[in-house]
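Everything on this sheet refers to the single structure shown next.
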Amino acid sequence: MNFISSFLCSWKTPKIEGLKKGNIPQHIGIIMDGNGRWAAKRRLPRIMGHKAGVEALRQIIKTSVKIGVRHLTVFAFSSENWDRPKNEVDFLMGLFVNSLNRELASLNKNGVRIRVIGDRDPSPRKVRNSFSNAEKKTEHNQKLVLNIAFNYGARQEIIYAVQNICKNAQKKDLDIEALDESLFSSYLYTKHSPDPDLIIRTSGEYRISNFLLWQCAYAEFYFTRTLWPDFSAKHFLRAISAYQKRNRRFGKV
Ligand code: FPP
């Protein structure tokens, strides 16, 4: 039995007092931070933190499917992460390939569609192949879209959008007067997902770190000191419960 199906059979959603069924955020963004510190606390190499981080991500995907979150965007590798030690970067690349290949059947069975957002071009061929394979093989799934932000940076994303808008305007494919927020959003990597309702960052850092800068305009933020590998379904539901207590006014009274 694979991870999602075994989980769906055996795992009971932890009860969180006051969690409302009808107000589940449709799109949640997560900055999965603290893998290195989790490993250091256990005197393990940093890569073990990333390995444990994948296990945490599994739980969050399963929980999302179960409670009806429709879009999940996870910050898996930033455009700055290339500057980490070579052995860590190599390990992360292998981890993406192995995790995606290993879990593909389960993700498929449970209706999870993979989309990779960011500039994958500079990554090794085996990584690009596993991304396109995962996207192709899950393209008909409809329960949850899992956006994997890889070599992603929000400022770069905005620059790409502006470049493409200018190119289309030059070709007269776009009337610049018609440019509005919704048209601009359609030039972003996340064009297939609504703006996030909730952004979670783990590990006690209170920064957005170039993640979904345009899209987070009206998102609610939830920061927790829990390190990513320790972030369980219970922590996730707690974050959603906190979100449900917020009064979202979108600038109105
Ligand atoms: C940040 O912690 C975490 C990362 C840079 C990598 C996160 C990646 C995963 C959990 C794997 C995801 C896998 C798939 C298939 C999407 P850090 O290393 O910055 O931790 P630190 O701040 O404690 O050093």
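Identify, please: which residue in the stretch 197-212 is in a strand (DSSP E or B) and away from the ligand (no atom under 11 Å from the Cβ) and is, among those, surrounded by the fewest Cβ atoms within 10 Å (Cβ to Cβ)?
For the stretch 197-212, the residue satisfying everything is Leu198.
Might you let me know whether the stretch 149-168 holds any residue that is over 23 Å from Asp119 (Cβ atoms) and out of contact with any Cys (no Cβ under 8 Å at 6 or more places or on another chain)?
Checking the stretch 149-168: not a single residue is over 23 Å from Asp119 (Cβ atoms) and out of contact with any Cys (no Cβ under 8 Å at 6 or more places or on another chain).
Please go through the stretch 125-151 and pick out each residue that is in a helix (DSSP H, G or I) and either surrounded by fewer than 19 Cβ atoms within 10 Å (Cβ to Cβ) or among the aliphatic types (A, V, I, L, M) (or both).
Arg125, Lys126, Val127, Arg128, Asn129, Ser132, Asn133, Ala134, Glu135, Lys136, Lys137
Here is a list: Arg248, Arg225. Which entry is at pLDDT below 95 and either part of a loop (DSSP other than H, G, I, E, B) or buried (at least 20 other Cβ atoms within 10 Å of the Cβ) (or both)?
Arg248
Any residue in the stretch 152-169 that is within 22 Å of Ile28 (Cα to Cα) and either among the aromatic types (Phe, Trp, Tyr) or within 15 Å of the ligand (Cβ to nearest atom) (or both)?
Taking every residue of the stretch 152-169 in turn, at least one turns out to be within 22 Å of Ile28 (Cα to Cα) and either among the aromatic types (Phe, Trp, Tyr) or within 15 Å of the ligand (Cβ to nearest atom) (or both).
Out of all the residues in the stretch 181-196, is one or more under 20 Å from Lys62 (Cα atoms), open to solvent by 80 Å² or more (accessible area, probe 1.4 Å) and in contact (Cβ under 8 Å) with a residue 60 or more places away in the chain?
No, the stretch 181-196 contains no residue that is under 20 Å from Lys62 (Cα atoms), open to solvent by 80 Å² or more (accessible area, probe 1.4 Å) and in contact (Cβ under 8 Å) with a residue 60 or more places away in the chain.
Checking Ser5 against (1) more than 22 Å from Phe211 (Cα to Cα); (2) modelled with pLDDT of 65 or more; (3) of a type outside the set (Val, Ile, Thr), which test does it fail?
Only one criterion in (1) more than 22 Å from Phe211 (Cα to Cα); (2) modelled with pLDDT of 65 or more; (3) of a type outside the set (Val, Ile, Thr) is unmet by Ser5, namely (2).
The values are calculated or read from the model by the stated rules, or taken from the named source; none is laboratory data. Quick caveat, the model's predicted, so the values are computed rather than measured. A quick note on method: Cβ atoms are made from the backbone with ideal geometry, for glycine too, and the neighbour counts reach across all protein chains shown. Calculation scope for accessible area: heavy atoms of the full protein, side chains included, ligands and nucleic acids excluded. Shrake-Rupley method; radii C 1.70, N 1.55, O 1.52, S 1.80 Å.
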